[in-house]
């Protein structure tokens, strides 16, 4: 029961912080920050696009980390966290792909281009959808967890190779604006907005993870109740 | 597997007018679609016989390193797939009216390297998908996204060879193939234990 209350309290605290942060971030993005000179209003989607992309990477690194931890320690909670992060990672990757397309339409004059970063993201999406499907289709809990962990490790190591092979092929994505080369850089207001939005997305990520952990927790408690009930009724 | 592979090549050659200028551009892609599809057919069956008859337990009980089982299975799948590819290649060259001059060995090298990468990961995944409800469907879903670097490198390298490009142009793709092969043979060898344990 302690875990239940702890999770509920954490969700409440993070939820409140997230709500306040989200309001400030929306104010920043839509009212405070200056409009970009060349791209115009559509550039504002950048403050959702970049954090979503970052969060999907964070999610997938967490998946890989917890998968290795699961294979070493064999604690089913590690597997649960990995699956949860996989689900949330797919969600953020989807958001990043869609917002990117919306931005690309007026700027590049096309929704999609076979650029290294775009294509890598698409492959990333496919790999982690496959990861979730594998987890579902194996059925048996422990075996499914093992398979999914092995697949997650292979998938994570595959991503850099995918990226380099596609970069060899062709590339178009704007070069990174943060810590990029010469000529890159953001207006201070923009940098602040992006940074703030990034923090809000981290909170959103944590909020979703805890919400999903609560579901898993309830499921485990339910399974426990079922078991004791069946045992006592016999 | 061989007949299937030949059929894919033949069907694709129907979709283009003979002598059309696009044929040459599409040829590498068609070759590798045929190879990956027929390779998938073979990989699907890598473990299905053992699991269905229960002899997998016997193999696992054998007092040898589990990695050896993985390497054996991989080499077996590799030989099958490579033979199919080598037999398909003459048909492909004839049907698409290609002129390889003295680049034949280079093409075989590319096929050799790409096939290693393909079966290295494919054998590992096959050991997993054999336990899923939808075996034949699950393997391509797992394998294709991971295989992207191999397919991309193989198709582009084949394209360069068919254009009779310089060796240096193909070298970059060969590097990607070798890196992929090495990384995933080692990784699959190490993780195979976790897949087959009971």
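Just so it is clear, none of the values below were taken in a lab; they were calculated from the coordinates. Small disclaimer: the values here were computed from a predicted structure and weren't measured. Cβ coordinates were reconstructed from backbone atoms using ideal geometry, including for glycine residues, and neighbour counts include every protein chain displayed.
Overview of values
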quantity	calculated
Relative exposure of B:21, A:87, judged by other C-beta atoms within 10 Å (fewest first)	B:21, A:87
Exercise: per-residue mean of other protein chain Cβ atoms within 10 Å, B:119-130	2
The stretch B:1-59-the stretch A:104-156 distance, computed between alpha-carbon centres (Å)	24
Estimated [θ] at 222 nm from DSSP helical runs (n ≥ 4, -39500 (n - 2.57)) normalised by residues in chain A, nearest 500	-28500 deg cm²/dmol
Relative contact order of the stretch A:11-87, defined on C-alpha pairs under 8 angstrom at six or more residues apart (%)	20
Full-extension gain in nm, residue A:74 to residue A:38, via 0.36 nm per residue minus C-alpha separation	7.7 nm
Rounded, prolate or oblate (a/c below 1.5 giving rounded, otherwise prolate when a/b exceeds b/c) for the protein assembly as shown by Cα gyration tensor	oblate
Cα gyration tensor, chain B - rounded (a/c under 1.5), prolate or oblate	prolate
Order of B:169, A:226 - criterion: other Cβ atoms within 10 Å of each residue's Cβ, fewest first	A:226, B:169
Two-site FRET efficiency, residue A:16 against residue A:94, from Cβ-Cβ distance with R₀ of 22 Å, rounded to 0.05	0.25
Cα-based shape type of the stretch A:1-124, given that a ≥ b ≥ c are square roots of the gyration tensor eigenvalues and the cut on a/c is 1.5	oblate
Relative contact order %, the stretch A:48-174, counting alpha carbon pairs below 8 Å whose residues are six or more apart	31
Label-to-label distance, nm, for residues given as residue A:211 and residue A:9 (7 Å Cα→Cβ offset)	2.2
Helix-only CD estimate at 222 nm, as mean residue ellipticity for chain B, using -39500 (n - 2.57) per DSSP H run (n ≥ 4)	-28500 deg cm²/dmol
Residue order, fewest to most beta carbons within 10 Å, for B:133, A:38	A:38, B:133
Acute angle (nearest 10 degrees) that the helix A:46-73 long axis makes with the longest principal axis of chain A, alpha-carbon atoms	30
Degrees separating the helix B:21-44 axis from the principal Cα axis of chain B, which is the longest one	10
Centre separation in Å (Cα based) which lies between the stretch B:148-177 and the stretch B:103-123	11
FRET efficiency, residue A:218 to residue A:27 (Cβ-Cβ, R0 41 Å, nearest 0.05)	0.70
Mean-position separation - Cα centroids, the stretch A:186-217 and the stretch A:9-71, in angstrom	4
On Cα atoms only, tilt of A:76-108 relative to the major axis of chain A in degrees	20
Cβ neighbours within 10 Å from other chains - mean over B:134-144	3
Number of partner chain Cβ atoms within 10 Å, mean per residue of A:147-154	6
